[in-house]
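The values are calculated or read from the model by the stated rules, or taken from the named source; none is laboratory data. The structure displayed is predicted, hence computed values, not measured ones. Neighbour counts are summed over all protein chains in view; Cβ atoms, including those assigned to glycine, are modelled from backbone coordinates with ideal geometry. Accessible surface areas use protein heavy atoms only, side chains included; no ligands, DNA or RNA. Shrake-Rupley method; radii C 1.70, N 1.55, O 1.52, S 1.80 Å.
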There are 4 protein chains.
Amino acid sequence: MIIVLRPEATPAVADEILARISSLGLKPLHMPGSERVVLGALGDERVLAQLHLESHPMVEEVKPILAPYKLVSREVHPHDTVVQIGHVPIGGQRFAVIAGPCAVESRAQMKNTAQIVKDAGAVGLRAGAFKPRTSPYAFQGLGMKGLEILRDVGAELSMPVVTEVLEAHDVDAVVQHAACLQIGARNMQNFALLKAVGQTRTPVILKRGMAARVEDLLLAAEYILAEGNDQVILCERGIRTFETCTRNTLDLNAVPYMKQKTHLPVVVDPSHGTGIRDLVIPMAKAAAACGADGILVEVHEDPKVAWSDGAQSLDPAGFRRFMKELAPVVRAVGREMP
Amino acid sequence: MIIVLRPEATPAVADEILARISSLGLKPLHMPGSERVVLGALGDERVLAQLHLESHPMVEEVKPILAPYKLVSREVHPHDTVVQIGHVPIGGQRFAVIAGPCAVESRAQMKNTAQIVKDAGAVGLRAGAFKPRTSPYAFQGLGMKGLEILRDVGAELSMPVVTEVLEAHDVDAVVQHAACLQIGARNMQNFALLKAVGQTRTPVILKRGMAARVEDLLLAAEYILAEGNDQVILCERGIRTFETCTRNTLDLNAVPYMKQKTHLPVVVDPSHGTGIRDLVIPMAKAAAACGADGILVEVHEDPKVAWSDGAQSLDPAGFRRFMKELAPVVRAVGREMP
Amino acid sequence: MIIVLRPEATPAVADEILARISSLGLKPLHMPGSERVVLGALGDERVLAQLHLESHPMVEEVKPILAPYKLVSREVHPHDTVVQIGHVPIGGQRFAVIAGPCAVESRAQMKNTAQIVKDAGAVGLRAGAFKPRTSPYAFQGLGMKGLEILRDVGAELSMPVVTEVLEAHDVDAVVQHAACLQIGARNMQNFALLKAVGQTRTPVILKRGMAARVEDLLLAAEYILAEGNDQVILCERGIRTFETCTRNTLDLNAVPYMKQKTHLPVVVDPSHGTGIRDLVIPMAKAAAACGADGILVEVHEDPKVAWSDGAQSLDPAGFRRFMKELAPVVRAVGREMP
Amino acid sequence: MIIVLRPEATPAVADEILARISSLGLKPLHMPGSERVVLGALGDERVLAQLHLESHPMVEEVKPILAPYKLVSREVHPHDTVVQIGHVPIGGQRFAVIAGPCAVESRAQMKNTAQIVKDAGAVGLRAGAFKPRTSPYAFQGLGMKGLEILRDVGAELSMPVVTEVLEAHDVDAVVQHAACLQIGARNMQNFALLKAVGQTRTPVILKRGMAARVEDLLLAAEYILAEGNDQVILCERGIRTFETCTRNTLDLNAVPYMKQKTHLPVVVDPSHGTGIRDLVIPMAKAAAACGADGILVEVHEDPKVAWSDGAQSLDPAGFRRFMKELAPVVRAVGREMP
């Protein structure tokens, strides 16, 4: 850790801080420059956090050298983690497509859509029973009833199901019905939920928050791993920027960046990431090309009557085209797809 | 609501949509332009949401005319709402300063800091017992024990206390200890929490999320009001932008904008909003000047040993200067301050 | 165009505005709703701009129906434009790679690098002679001397050269030396420069500004076409967002979005777009996968001694790997590459 | 400067870099940590820039200790610079209001508006003759004729005039007609223009670009000072963020931050900064409260017929109210206003 002192800091301030660094068992360094005094601390700088040097009135800036996350880091765990959702591996040689409607609307809708996506090659089924919605006047999901429908349809078609859990309190119920949990963008820093999910041994897809830097996402994953659950899949789903032609700005740069920094699998959600049906196929192909391990995609049997997010859902023909166009790109980067 | 059709939409599509608008009891309008057909619907467009016209493959864009929120709107409720936190009114003639440490660290620290801020003129006491932290390795708050300390200190000094609640599950416990709840930026769209708080009759300070547009904040407040609790105070505390010289970008434009659109009181948190101690005083003055109803501010008896957020906390002398510099600005805009 | 009046607007205001719409030969529409009066204007709404209705104190909002650009629009010109840079077509069946150093540093460096990229399959040569630099203390380019070196090296190797022009005043000189001009991100709204380039018949690569919405980029291109030069190639090169792990956020969503809205070719610059060498190859593959017509990429014979932008430059071995990995993705989307 | 090596860097790499640091006359430092080797360089780190260490394949990150700007820094020049625009000082005890229409439209409009703002207390006159416009179909200004009108009206009323210069080529002409130049947000990194303005001795208002960090703005100012012109006034006028309720996000945090870092005066433009007439007065008051030295504000004799930017212009009554409400806030922070 590097500590830059304010220009007006006296030698006594430097001595005081150096002594505090020593007292923690780290090696202190004194680097008096022409315009600033810079101090250093060699050793595991995470223990330095307890000194709160950034609060010191004579400290101008604290520059950490190491990343603040550990368990998710590829430096600690060099080999790719493969997360098993039911019988489907995420993060290995095979590229996974997990598809389904935004929300469970009825048993018939769910079954029909599941059959369509399975026939076209999807390996997992996704749908929401609890829906986080910006407006209190929008459809909020079928709740437990939706969860049961989803579980039944998944079982009938032998497709592992992924569904969102909104609250720490609901985790126990949801793990009974799903092969994989999902933590949505708005809950990425709901730390109680992260901890509760961390205490299960169920895989979880953790979506990047709309204002989250990649480092924030990795730290949120660290919460889950720190509780003992290492079955975490990271999901890029768009960030908020000034651009308004897309609903969010899908940040694919995060995919190869995260693949370098972490051993966890990374998937991409081009449906929420762009909010525009016509961009889903090209951005899914781009995601595969830059190293994603899979895609989450919204498909509705008839988007124009969908209860939510219809504008970004593919229809059955659209999903078949999606699979057909995606496969050659997946193979071009040396991965497999059914 | 205005519905713009795609260039390739046929007259039959327009007829179909016009019929669906009529079927809901709204007056349909047909506006064939030279390059696009535009449809309109006159009446309460919120009922139109159920048609999900934005999902229609032949619809290019849906442009709502009315704001999506209602109960929080000044059009529905023209007069300023004054929220009563204990004996302290927020939103009327008096400008309120609510101060305290980031976190409860100990009974002694809490009592000492409370006395300091009370003596300098603060009317409310703030501190966190449950702390949402980006890193799992950072201090997470004293929990229930912190809550008890806070309640006791508030009672001793006759200062109403404000504290954050992190989970729907905790609401019942926290309302026993606090005069006012706080929903933090990371939880602004934790809808279960919004609903749970909406079912109490305890005032709540709702902080704007880091990626939240003002409209999103107003819709989040709408969740609370829709459950029956109209004691909501909105709080601007900085958004995430590309600027890195401040930790967040405190968006004071939102203050006068919200004062025009909603009847709810608006306060500002310059401590989290900037993340920099030296900017707290000038930005508090700016907030008062542009119409805020009060300030939330972090004060620590000794910031250089604070367990969290020390870099943005004022020390006792700093807080006295804060009050002294703020008062003339508050009076210059026709408000009162002790 | 849709004009939403303020709630307090009187019928007389509506009548006045409707009369002004009629006076321009457009068909006025009156849509009195329950909470707002909405007016419409049917016809070429671009002529309405002269009314400046958004300035009217009783107008709440003006919502245009049509895009503000015209000549660049695919609605006006449905077929893909192919821009010819020397003998290299951009925008057709072939995918183009244009490579070279950030800056011309010397004749030897330029010749060596050009030979390397040519041998590996690049079809065009890029390098800067005039460098826009954030700091006045950074290397500013060799100027005219650099331009001559670039022209000579391009001629020797039969590679068309692309180079940046910084000022309207320099356009005449630069067109003598280059097959294609480049307008950099910082100059995307230097309207004098756009007009000057529009008056030449030399192709131009127009880079998206760091704060530019896609619509702003298309309007900047419209400036060039409006002056008579339709040889414009759009370039996505990253926008500024809150994410700091990359220097910019390469916004690939813009690629398929623009391919739908405009007939102009679209290329991508993953070097500036990410600022990180290790992300250049994956993001170039992603760009090809989502429909880009080519790539601009920085290659230096020895990045560790580059005078500028070395951290994002590929070395010769890196560029050979770039071409080798890119080719299968290009073919997977049905395009050709040498 | 701190140089963090990649985990795989060998001791030989560290030795090589340390030798390069020594060769420049700086003192090298070797700090081998448990997970990374960190190197340091003591001395004027700006000379290190020529080593381009960030390009080295074995360097993970370079962390500068000092700000990259120098002449604009308060460390080099501790006392406030007061810039004299004609007889009006900017940056001292007096708070300055510079007002006028967005664009010169006619002699009558200009004269009338100038008289109105003068009578209400404005000390400077602003208007554009050359207008940078996003769309080529929008009004582009009267050009030289507008400049002459502006000069004449300023002379008649003894008001110094401020006007924008768009191109290096135009600087000579514009300095003949104006007491102060303005460089607009879109040209903040038009380095040729910065240099040309730097070679005059005419004061200049430099507006922050929409994607510019404060550090970028200070470096742009450094370009002007480096050419010998220290009469620079910085202007905050809004940045681009995801918020859409305002046209830009006026970033007032930048005001006290810049007042701490630089000796140059700082003014604020709430008209462009918000794009909304109703926010101009409150945000001007906020700007004064947080330490701005003055305000640039758009006033039109009749905004509803303004040729540009009418939606953000104050009308004469609005401007009188602006001055009346602003004055007490200015005095509350210890400044003077007529």
*How well do other chains shield peptide A:179-191, expressed as the mean number of their Cβ atoms within 10 Å of each residue Cβ?*
4
*If r is the Cβ-Cβ distance from B:D152 to B:K118 and R0 is 22 Å, what FRET efficiency results, to the nearest 0.05?*
0.90
*Taking a ≥ b ≥ c as the square roots of the eigenvalues of the Cα gyration tensor of region D:77-148, is the shape rounded (a/c under 1.5), prolate (a/b larger than b/c) or oblate?*
oblate
_Give me the inter-chain shielding for C:318-331: mean count of other chain Cβ atoms within 10 Å, whole number please._
2
*Around A:Q182, which amide H atoms from residues at least 5 apart in sequence, or from another chain, sit under 5 Å from its own amide H, with H modelled in the peptide plane?*
A:T163, A:E164, A:V165, A:I205
_Protein heavy-atom accessible area occluded, B/D pair - total, 1.4 Å probe, Å²_ = 2800
*Find the Cα radius of gyration of region B:136-215, compare it with 2.2 N^0.38 Å by division, and give the number to two decimals.*
1.14
*Compute the distribution of all C-alpha to C-alpha distances in region C:112-177, in bins of 10 Å from 0, and list the percent of pairs in each, rounded to whole numbers.*
21, 47, 27, 4
*Computed on alpha carbon atoms, what radius of gyration and Dmax characterise region A:25-111, expressed in Å?*
24.0, 74
*Can you tell me the accessible area per residue over region B:53-179, all protein chains present, probe 1.4 angstrom, in square angstrom?*
38
*asked:* Translational diffusion coefficient of the protein assembly as shown at 20 °C, 1.002 mPa s, Stokes-Einstein with Kirkwood Rh over Cα pairs, in µm²/s as a whole number.
replied: 66
*For region C:109-150, just say rounded, prolate or oblate: build the C-alpha gyration tensor, square-root its eigenvalues into a ≥ b ≥ c, call rounded for a/c under 1.5, and beyond that prolate if a/b exceeds b/c, oblate if not.*
prolate
_Binning at 10 angstrom from zero up to the longest distance, how are the C-alpha pair distances of region D:279-338 distributed in percent?_
23, 49, 23, 5
*By DSSP, what percent of the beta bridges with both residues in the protein assembly as shown are antiparallel, rounded to the nearest 5?*
40
*Mind ordering C:156-163, A:154-161 by average Cβ neighbours within 10 Å, highest first?*
C:156-163, A:154-161
*Hey, what angle do you get for helix B:144-157 against the long axis of chain B, alpha-carbon based, 0 to 90 degrees rounded to 10?*
70
*Among chain A residues, which Cβ is nearest the axis of the A-onto-B rotation, and at how many Å?*
A:A211, 2
_Compute for region B:9-161: radius of gyration divided by Kirkwood radius, i.e. Rg/Rh, restricted to C-alpha atoms, rounded to two decimals._
1.30
_Length-normalised contact order for chain C - Cα pairs under 8 Å, 6+ apart - percent_ = 16
_Shape call, region B:73-217: gyration tensor on alpha carbons, a/c limit 1.5_ = oblate
_Quick one: the Cα spread of region D:169-219 along its three principal axes, in angstroms, biggest first?_
32, 18, 16
_If you fit an axis through the alpha-carbon atoms of helix A:214-226 and take the longest principal axis of the Cα set of chain A, what angle between them do you get, 0 to 90°, nearest 10?_
80
*Under the Kirkwood approximation for Rh and a Cα-based Rg, what ratio Rg/Rh is obtained for region A:224-279?*
1.07
*asked:* From the phi angles alone, apply the Karplus equation (6.51, -1.76, 1.60; θ = phi - 60°) to region C:125-138 and give each ³J(HN,Hα) in whole Hz, x where the residue is Gly or Pro.
replied: 10, 10, 5, x, 9, 10, 10, x, 10, 4, 9, x, 8, 8
*Enter the angle in degrees (range 0 to 90, nearest 10) between the Cα long axis of helix A:107-120 and the first principal axis of the Cα atoms of chain A, meaning the one along which they spread out most.*
80
*Holding the Cα-Cα limit at 32 Å, pick out from A:K70/B:K285; C:K131/C:K259; A:K63/B:K324; A:K70/B:K195; C:K195/D:K70 the pairs that are longer than that.*
A:K70/B:K285; A:K63/B:K324; A:K70/B:K195; C:K195/D:K70
*Project the alpha carbons of region B:70-119 onto their principal axes and report the range along each, largest first, in whole Å.*
47, 21, 14
_Other protein chain Cβ atoms within 10 Å, averaged over every residue that makes up A:293-302_ = 0
*Inverse of mean 1/r across different Cα pairs in region B:217-338, Kirkwood, Å*: 15.2
*HN-Hα J couplings of region D:185-198 from phi, Karplus 6.51/-1.76/1.60, θ = phi - 60°, integer Hz, Gly and Pro as x?*
4, 5, 9, 4, 10, 8, 5, 5, 5, 4, 5, 4, 5, x
*Taking the label point 7 Å from Cα in the Cβ direction, how far apart in nm is C:K324 from each other copy of itself, listed shortest first?*
3.4, 7.1, 7.7
*Of the accessible area of chain D, with the probe set at 1.4 angstrom, what percent is carbon plus sulfur?*
52
*Where does chain D land on Rg/Rh, using Cα atoms and the Kirkwood Rh?*
1.07
*Could you run the Karplus curve 6.51 cos²θ - 1.76 cosθ + 1.60 with θ = phi - 60° over region A:167-176 and give me ³J(HN,Hα) per residue in whole Hz, x for Gly and Pro?*
9, 3, 4, 8, 4, 4, 5, 5, 5, 6
*List every residue whose amide H lies under 5 Å from the amide H of D:V299, counting only residues 5 or more places away in sequence or on a different chain, with H placed 1.01 Å from N in the peptide plane.*
D:G100, D:C102, D:L314
*Considering Cα pairs under 8 angstrom that are at least six residues apart, work out the relative contact order of region C:57-160 and quote it in whole percent.*
24
*How do A:46-53, B:198-205, C:295-302, C:20-27 rank on mean C-beta neighbours within 10 Å, highest first?*
C:295-302, B:198-205, A:46-53, C:20-27
_Only Lys, Arg (+1) and Asp, Glu (-1) charged, at Cβ; chain D dipole about Cα centre in debye_ = 700
*What percent do you get for the relative contact order of region B:168-265 when only Cα pairs under 8 Å and 6+ apart count?*
23
*asked:* For a quick check: with amide H placed at 1.01 Å from N, whose amide H comes under 5 Å from A:T262's, ignoring anything fewer than 5 positions away on the same chain?
replied: A:R74
_Rounded to whole Å, sorted largest first: equivalent-ellipsoid semi-axes of region D:1-43, Cα gyration tensor_ = 18, 11, 7
*Would you be so kind as to list the residues of region C:130-144 that have their accessible area lowered by at least 10 Å² in the full protein complex compared with their chain by itself (1.4 Å probe)?*
C:P132, C:R133, C:T134, C:S135, C:P136, C:Y137, C:Q140
*How much FRET efficiency would the formula 1/(1 + (r/R0)^6) give for C:K63 and A:D302, where r is the Cβ-Cβ distance and R0 is 25 Å, rounded to 0.05?*
0.30
*If the label for C:R107 sits 7 angstrom from Cα along the Cα-to-Cβ line, what are its distances to the same label in every other copy, in nm to one decimal, shortest first?*
6.0, 8.4, 8.6
*Taking a label point 7 Å from Cα toward Cβ, how far is A:H79 from its twins in the other copies, in nm, shortest first?*
5.7, 7.0, 7.2
*How big, on average over all directions, is the shadow cast by the Cα convex hull of region D:172-286, in nm²?*
7.3
*Expressed as a whole number of Å, what is the distance separating the alpha-carbon centroids of region D:50-80 and region D:132-210?*
31
